[in-house]
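Everything below concerns the one structure shown next.
Since every read-out is calculated from the coordinates, none of them should be taken as a lab result. Since this is a predicted model, take the numbers as computed values, not measurements. Backbone-built Cβ (ideal geometry, glycine too); neighbour counts: all protein chains shown.
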Amino acid sequence: MEVVYYEDKYFDSLNCLLEEVFGVYKTYKSISDDFELIMVNNNEVVGYLALNKCVDTLSGKNYFYVNYVCVKEEHRNQGIAKALFLKVFEICRELDIAYLELTSNSSRVAAHKLYEKLGFSVRETTVFRKELI
Ligand SMILES: CC(C)(COP(=O)(O)OP(=O)(O)OC[C@H]1O[C@@H](n2cnc3c(N)ncnc32)[C@H](O)[C@@H]1OP(=O)(O)O)[C@@H](O)C(=O)NCCC(=O)NCCS
């Protein structure tokens, strides 16, 4: 198994994972400033996370918004999510990223344990969204 950057040859395999875990699909090819990491096992995508590079308007600092963290059910508790995040931390050091941010539903107990273990702390805030299209 290895953590690699997403390439379009993994499009179908990634969509199997995303559909299985979140019921969503990737619908577009990668664009610049988007970073996607996958864990590949025998050519199958068994883990994934997406990074969006953002800039804090006031401080000018770069940060990543982390999205769609997931591991295929039968491969959980084997350190795959942790390995994906260790690669993220490496990328952050290379790109001078000041912090990571993500949101997570309170029902996602395993994910919260993972994030705490990796040094994330909870910010007291509520996420709002207004759907436009
Ligand atoms: C959350 C998720 C990504 C974790 O992936 P994983 O590969 O199983 O996690 P890892 O094996 O790398 O675990 C790393 C650490 O997270 C914690 N952890 C992970 N799963 C856990 C669980 N079920 N219960 C308690 N702690 C857990 C542990 O502290 C673990 O460290 P340890 O093995 O040293 O104890 C996976 O369970 C998943 O895909 N869940 C469904 C999707 C989801 O909820 N995504 C998050 C959206 S915000």
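Using the Karplus relation 6.51 cos²θ - 1.76 cosθ + 1.60 with θ = phi - 60°, the per-residue 3J(HN,Hα) values for the range 18-28 come to 4, 5, 5, 8, 10, x, 10, 10, 7, 10, 9 Hz, with x marking Gly and Pro. For the range 1-104, the set of chymotrypsin sites (Phe, Trp or Tyr not before Pro) satisfying both a DSSP loop assignment and a count of at most 15 other C-beta atoms within 10 Å is given as Y25, Y28. Of all aspartates and glutamates in the structure, the ones whose alpha carbon falls short of 16 Å from that of K53, not counting any fewer than 8 places away in one chain, are D33, D34, E36, E90, E94, D96, E101. Percent of C-alpha pairs per 10 Å bin in the range 14-89, short distances first: 18, 48, 26, 8, 1. Looking at the range 1-90, which GluC sites (Glu not before Pro) are DSSP coil and have at most 14 other C-beta atoms within 10 Å of their C-beta? Here the sparse-neighbourhood loop sites are E7. Amide H to amide H distances under 5 Å link Y6 with E36, L37, I38, where only residues 5 or more positions off or on other chains count and H is placed in the peptide plane.
Set Lys and Arg Cβ to +1 and Asp and Glu Cβ to -1, take the dipole of the range 2-103 about its Cα centre, and tell me which of V46, Y99, G79 lies farthest positive. Toward the positive end, the furthest listed residue is Y99.
Volume per residue for the chain equals 140 cubic angstrom (convex hull of Cα atoms).
In order along the range 9-17, phi translates into HN-Hα couplings of 5, 9, 3, 5, 5, 5, 5, 4, 5 Hz, rounded to whole numbers, per the Karplus curve 6.51 cos²θ - 1.76 cosθ + 1.60 with θ = phi - 60° and x for Gly and Pro.
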